[in-house]
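Q: Sharing a structure, written as structure tokens. Questions coming.
Just so you know, all these numbers are worked out from the coordinates, no wet-lab data involved. A quick note: this is a predicted structure, and the numbers were derived from the prediction, not measured. Using ideal geometry, Cβ is built from the backbone for each residue, glycine included, and neighbour counts are taken over all protein chains shown.
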Amino acid sequence: MRQRAARDQKRLDSGAVTSPKDLESLQRELTSLAKRQGDLEDVVLEVMERRESAQERVAELTGRADSLQAKVDDAVARRDAAFAGIDAEAATATKERELTAADIPAALLGLYDKIRVKEGGIGAARLYQRRCEGCRLELNITEINDVRAAAADTVVRCENCHRILVRTPDSGL
Ligand SMILES: [Zn+2]
């Protein structure tokens, strides 16, 4: 369009066009070309502004994505650390259990394991203030008397949940 306007302007300036009608038409074309160029420049300006705002949005979203990724990385690192901690605790507990189990007579250990499987992982419970801490029920007076009468090395069990009851000075006997 610019080339065409320059060519028109050159013809106009050269004086080669002498007919008033041609001169007028040339002039009109130049005016129209100038207007269209102005319109196109406005469009270009608008497109550039839109591109700029789109670039700002991209930068903002990239920043947010980076910050979210950092949070994800942090959470993953904390999760992995927690897993490592749990694994270490489990290993220690397993070892402790092995050591403890080694001192317990095989028959008692077998009974304990049988109850443990049946009672959701807890085979023995503390008797605390006359209450079985396995099923949370308080023993009645007859049961308490039976436990009282039992020898220290007798295995006593809860009448309700059948778990092995562990007697301590806090048992309320
Ligand atoms: Zn019980």
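Q: Would you be able to say whether some residue in the stretch 145-153 is near the ligand (Cβ under 9 Å from one of its atoms) and assigned to a loop (DSSP other than H, G, I, E, B)?
A: no
Q: Anything in the stretch 118-144 that is more than 10 Å from the ligand (Cβ to nearest atom) and assigned to a loop (DSSP other than H, G, I, E, B)? List them, or say none.
A: GLY120, GLY121, GLY123, GLN129, ARG130, ASN140
Q: Say whether the condition of being basic (Lys, Arg), part of a helix (DSSP H, G or I) and within 19 Å of ALA5 (Cα to Cα) is met by at least one residue in the stretch 43-58. Step through it out loud before you land on a result.
A: To start, the set of residues in the stretch 43-58 that are basic (Lys, Arg) comprises 50-51, 57.
Of the ones still in play, those that are also part of a helix (DSSP H, G or I) are 50-51, 57.
Now drop any that are not within 19 Å of ALA5 (Cα to Cα), which leaves none.
Checked against the condition, which is being basic (Lys, Arg), part of a helix (DSSP H, G or I) and within 19 Å of ALA5 (Cα to Cα), the stretch 43-58 yields no hits at all.
Q: Moving to a separate point now. In the set ALA65, ALA6, ALA34, which member is under 34 Å from the mean Cα position of the chain (by Cα) and surrounded by 10 or more Cβ atoms within 10 Å (Cβ to Cβ)?
A: Numbers: ALA6 fails: under 34 Å from the mean Cα position of the chain (by Cα); ALA34 fails: under 34 Å from the mean Cα position of the chain (by Cα).
It is ALA65.
Q: Quick one: which of ALA107, ALA90 is in a helix (DSSP H, G or I) and either under 45 Å from the mean Cα position of the chain (by Cα) or of a type in the set (S, T, N, Q) (or both)?
A: Testing whether each residue is in a helix (DSSP H, G or I) and either under 45 Å from the mean Cα position of the chain (by Cα) or of a type in the set (S, T, N, Q) (or both) leaves just ALA90.
Q: Sort out which residues of the stretch 154-172 are surrounded by 15 or more Cβ atoms within 10 Å (Cβ to Cβ) and more than 15 Å from the ligand (Cβ to nearest atom), and write them in order of number.
A: Matches in the stretch 154-172: none.
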